[in-house]
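**Q** Please see the structure below; I have some questions.
Just so it is clear, none of the values below were taken in a lab; they were calculated from the coordinates. Note that this is a predicted model, so its numbers are computed, not measured. Don't worry about glycine lacking a Cβ; one is built from the backbone with ideal geometry, like all the others, and counts go over all protein chains shown.
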Amino acid sequence: MDIKKLKKDIIFSESLRGFEFIFHSTWGLFSPRRVDEGSKLLINHMEIANDDDCLDLGCGYGAIGLAMAKCAPEGLIYLVDKDHVAVEFSKRNTRLNSIENCKVFLSNGFSDIKKRNFNIIASNLPSNVGKELLYIMLYEAKKHLSKGGKLYLVTISGLREFIKRNLLEVFYNYKKVKQGRIYTVALAIKKK
């Protein structure tokens, strides 16, 4: 094993929503060599207006947030993660792709997002999120969405009924946007 080589940035290109991106990543981040299929499914099936303010919750190296930023050039996009390495790579990828309508910072969920509402919140939830953390995340997401705002979640399809039950409990609505072979994209809308 060549340790020096392993410690170098992993660099790859990806086309998302018709935009070309260069990503730098590293071992230890989720899906470090390519944008995973769940994130791609989510990115491809979100409805994003030109001026939407968006949040990528648990941004990793920034694929979802940067795609949202390209789709909403007149909006402001927040990318947050509780992992400082993920935040550093998201910042780097924002600069490398010349995206200026993003703010990237460290936050444990919504802990450092103050008095800010979004039109769209999107997250690729880990399969081991647990019901307690999911409840916190859903209630906080609802609090940080504007009226009519959308919460998009992608999970492994085995969790779709669990996600459906919880979205119905918190938001009183649920829509299965797209189900792929392995992943499902769910949507809830803040009605009031």
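**Q** Highest mean first, how do 125-132, 113-120, 50-57, 176-183 rank when packing is the count of other Cβ atoms within 10 Å averaged over residues? Show your work: numbers first, answer last.
**A** On the way: 125-132: 11.4, 113-120: 16.1, 50-57: 21.9, 176-183: 14.2.
In decreasing order of mean packing, 125-132, 113-120, 50-57, 176-183 become 50-57, 113-120, 176-183, 125-132.
**Q** Once the Cα atoms of helix 131-143 and of the chain are each reduced to a long axis, what angle between those two axes, in degrees from 0 to 90 to the nearest 10, is obtained?
**A** Taking the Cα atoms of the chain, the angle to 131-143 is about 80 degrees.
**Q** Efficiency by 1/(1 + (r/R0)^6): what FRET value for V85 and L133, r their Cβ-Cβ distance, R0 = 22 Å, to the nearest 0.05?
**A** For V85 and L133, the calculated efficiency is 0.65.
**Q** A further question follows. Note down the relative contact order for the chain as a percent, whole number, built from C-alpha pairs under 8 angstrom at least six residues apart.
**A** Details: 392 pairs, mean separation 34.6, N = 192.
It comes to 18 percent, rounded to a whole number.
**Q** Quick one: length gained pulling E161 to K103 fully straight, 0.36 nm per residue minus the C-alpha distance? Working shown, then result.
**A** Details: separation 58, 0.36 × 58 = 20.88 nm, distance 3.31 nm.
Contour length minus the Cα-Cα distance gives 17.6 nm.
**Q** Given the -39500 (n - 2.57) contribution per DSSP H run of 4+ residues, what per-residue ellipticity at 222 nm results for the chain, rounded to the nearest 500 deg cm²/dmol?
**A** Per the formula, -9500 deg cm²/dmol.
**Q** Estimate the FRET efficiency between L168 and A49 by the formula 1/(1 + (r/R0)^6), using the beta-carbon distance for r and 35 Å for R0, to the nearest 0.05.
**A** Approximately 0.85, to the nearest 0.05.
**Q** With each pseudo-label sitting 7 Å past Cα toward Cβ, what's the K191-K147 distance in nm, one decimal?
**A** Simple spin-label model gives 1.4 nm for this pair.
**Q** Taking just the alpha-carbon atoms of the chain, what radius of gyration and Dmax come out, in angstrom?
**A** Over the chain's Cα set, Rg and Dmax evaluate to 15.9, 56 Å.
**Q** Still on this model: Can you run phi through the Karplus equation (6.51, -1.76, 1.60; θ = phi - 60°) for the stretch 13-23 and list ³J(HN,Hα) in whole Hz, with x for Gly and Pro?
**A** With the stated coefficients, the stretch 13-23 comes to 10, 8, 9, 10, 6, x, 10, 8, 10, 10, 10 Hz.
**Q** For the stretch 114-170, what's the relative contact order in percent, using C-alpha pairs closer than 8 Å and at least 6 residues apart?
**A** 49 percent
**Q** Could you size up the charge dipole of the stretch 124-192 around its Cα centre, putting +1 on the beta carbon of Lys and Arg and -1 on that of Asp and Glu, and report it in debye to the nearest 20?
**A** 380 debye
**Q** Cross-link candidates for K103: which lysines have Cα within less than 17 Å, leaving aside residues fewer than 8 places away along the same chain?
**A** Excluding near neighbours in sequence, the set is K70, K82, K91, K114, K115.
**Q** Further question: Collect residues whose amide H, placed 1.01 Å from N in the peptide plane, falls under 5 Å from the amide H of C102; neighbours closer than 5 in sequence don't count.
**A** For C102, the qualifying residues are I77.
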